[in-house]
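**Q** Mind looking over this structure? Questions follow.
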Amino acid sequence: MKKINLFISATVAVAAVSVAIAPIQTEAATKKFSDVSPKSDYYDIITEMTAKEVITGYLDGTFRPNELMTRKHAAALISRAFPTLPVHNKGISLTDVNKDNPYYKDIRRVLEADIIQHADNFDFKPNNIITRGEMARALVLAYNLTSNDKKSPLTDVSPQLASYVDALYASNVTTGYEDKTFREDKGLTRVHFTVFMYRASKALENSAVTTAYSNSKFSSMKEADIQYPAKYKSAAEATVASKKSAESLFAKDNNYESSSIILQNEKEYNTFIELAQKSLNKSANELDEIFYKVYRTSVAESLQTKDNQLWIFWFDYSEKKLVRAIIKEK
């Protein structure tokens, strides 16, 4: 069985599947826009978002940072940032964007996910300018930001948008204008929309890292507290039973690799949780429940990933580690 250091393997995998956590090293990383100076306050952010292929610019090599952001371009940026989006409104009608439109798929995805809504009945109005209020709602829903009951000091926010603006403010995505207004009906430039997306992604990243382990059922346990289930005579016997349970899920496929995680190591736990959330489409709490069940029962658990890998979890009580085996699709 091939042993892999979890922190190294998980970090590589996160870079491959996530837009919010690690820069993707691609050809786009070297792309420069002719109208974005290295001296610009936003140069590094634009460069990073380009490297992640969230922004691509225009065919003439410009980014046009000071142009107002349209609804179709906002839909495209959010769609690119999230390879997987929930479908809340399957089969939603779209009357003013046909299938030949290059933004059709992006617009449909954000509509079905209810991240951006129709502008009028079933018209999306793709060339209209997206407002700051629409931006607030879209980014809060896309990046799952919360206000933690904190209220922003901004004075001109309508009741229907207040919770979204509060979440943006609490997450340090926006501070509003100097006069304490948010101006929800105004448009925003392409560079400012990109900056808000970047800040939202960092808020999501920081939230995932700081809350996953602290909310874990293992967070208060010391190594000495990890005990094998009472029905076994020793840790070795419990480990054998746990491995046998896992092997029953492998079927006839012996082509797999494994990695392990020490549950008391916060950094490795959080890295693993972030990777698992992206690959398995489950919340940190749901995953923690699965891991805890495996630990308490010594019964292995299998989960299918989005890219058709089978992940199997079991507990090694002798080494006090959770073990993950990956069976790759042939």
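**Q** Starting from residues that are in contact (Cβ under 8 Å) with a residue 60 or more places away in the chain and exposed (fewer than 14 other Cβ atoms within 10 Å of the Cβ), keep the ones in segment 320-330 and report whichever is farthest from Gln227 (Cα to Cα).
**A** Among them, the one singled out is Lys330.
**Q** So which residues in segment 271-306 are over 17 Å from Lys217 (Cβ atoms) and either touching a residue at least 40 places away in the same chain (Cβ under 8 Å) or hydrophobic (A, V, I, L, M, F, W, C) (or both), if there are any at all?
**A** Thr271, Glu274, Leu275, Lys278, Ser279, Leu280, Asn281, Ala300, Ser302, Leu303, Lys306
**Q** If Ser171 satisfies all but one of (1) surrounded by fewer than 21 Cβ atoms within 10 Å (Cβ to Cβ); (2) on the phi < 0 side of the Ramachandran plot; (3) modelled with pLDDT under 95, what's the number of the condition it fails?
**A** Single failed check for Ser171: (1).
**Q** Quick check on segment 194-215. Is at least one of its residues part of a loop (DSSP other than H, G, I, E, B) and farther than 21 Å from Ala284 by Cα?
**A** No, segment 194-215 contains no residue that is part of a loop (DSSP other than H, G, I, E, B) and farther than 21 Å from Ala284 by Cα.
**Q** Which of the residues belonging to segment 277-329 are at pLDDT 90 or above and on the phi > 0 side of the Ramachandran plot?
**A** Ser298, the sole residue that qualifies.
**Q** Related question: For the subset of segment 115-145 comprising residues that are buried (at least 16 other Cβ atoms within 10 Å of the Cβ) and among the basic types (Lys, Arg), which member is farthest from Tyr177 (Cα to Cα)?
**A** That would be Arg137.
**Q** If a residue must be surrounded by 22 or more Cβ atoms within 10 Å (Cβ to Cβ), over 15 Å from the mean Cα position of the chain (by Cα) and aliphatic (A, V, I, L, M), how many such residues does segment 262-313 contain?
**A** 3
**Q** Is there any pair linking a residue in segment 179-190 that is without any contact (Cβ under 8 Å) to a residue 60 or more places away in the chain to one that is surrounded by 15 or more Cβ atoms within 10 Å (Cβ to Cβ) and β-branched (Val, Ile, Thr), with Cβ under 6 Å and at least six apart or on different chains, and which?
**A** Phe182/Val157; Phe182/Val165; Asp185/Thr131
The values are calculated or read from the model by the stated rules, or taken from the named source; none is laboratory data. Nothing here was measured: the structure is a model prediction, and the numbers come from that model. Virtual Cβ from ideal backbone geometry, glycine too; neighbours counted across all protein chains shown.
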